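First comes the structure, then the notes that go with it.
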Amino acid sequence: MPESQTSVAPTYRGWSIFNIICCCLPLGACALYYSAGDTIAAQDASKTAMTLNIISLICGLILIPIVLYYQFQDLKHH
C-alpha cells in the first residue's frame, strides 16, 4: 500500500512578524493570526496569511515614504 502524502502548508509566521514591526501593524497582526492555523484549515489560513502579508508589505512600502516625506517637509518649515 502506498503511503498517503500530506502536504505541510507554509505558515508565513516570520514574514508576518516582519510586517508587524516594519510595515503595517494591523495587517501584519491579522496575518500572524492566520499563520497560526490548525492542520485542518491550514491551506486556507496559509493563503490568507500570504495575501495579508503581501498587502501589508505594499502598504508599508507606499505609506512609510509618504509619511517620511511630509515629516521632513514639516521640519523644513519650522
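If you go through segment 2-58 and keep only what is modelled with pLDDT of 80 or more, surrounded by fewer than 17 Cβ atoms within 10 Å (Cβ to Cβ) and of a type outside the set (A, V, I, L, M, F, W, C), you end up with Arg13, Gly14, Pro26, Tyr33, Asp44, Lys47, Thr51.
A count restricted to segment 14-68 and to residues that are of a type in the set (S, T, N, Q) and either more than 10 Å from the chain's Cα centre (by Cα) or in a loop (DSSP other than H, G, I, E, B) (or both) stands at 3. Listed conditions (1) surrounded by 15 or more Cβ atoms within 10 Å (Cβ to Cβ); (2) over 10 Å from the mean Cα position of the chain (by Cα); (3) at pLDDT 80 or above; (4) not β-branched (Val, Ile, Thr) are all met by Asp74, apart from (1).
The values are calculated or read from the model by the stated rules, or taken from the named source; none is laboratory data. Note that this is a predicted model, so its numbers are computed, not measured. All Cβ positions, even for glycine, are placed from backbone atoms using ideal geometry, and neighbour counts span all protein chains on display.
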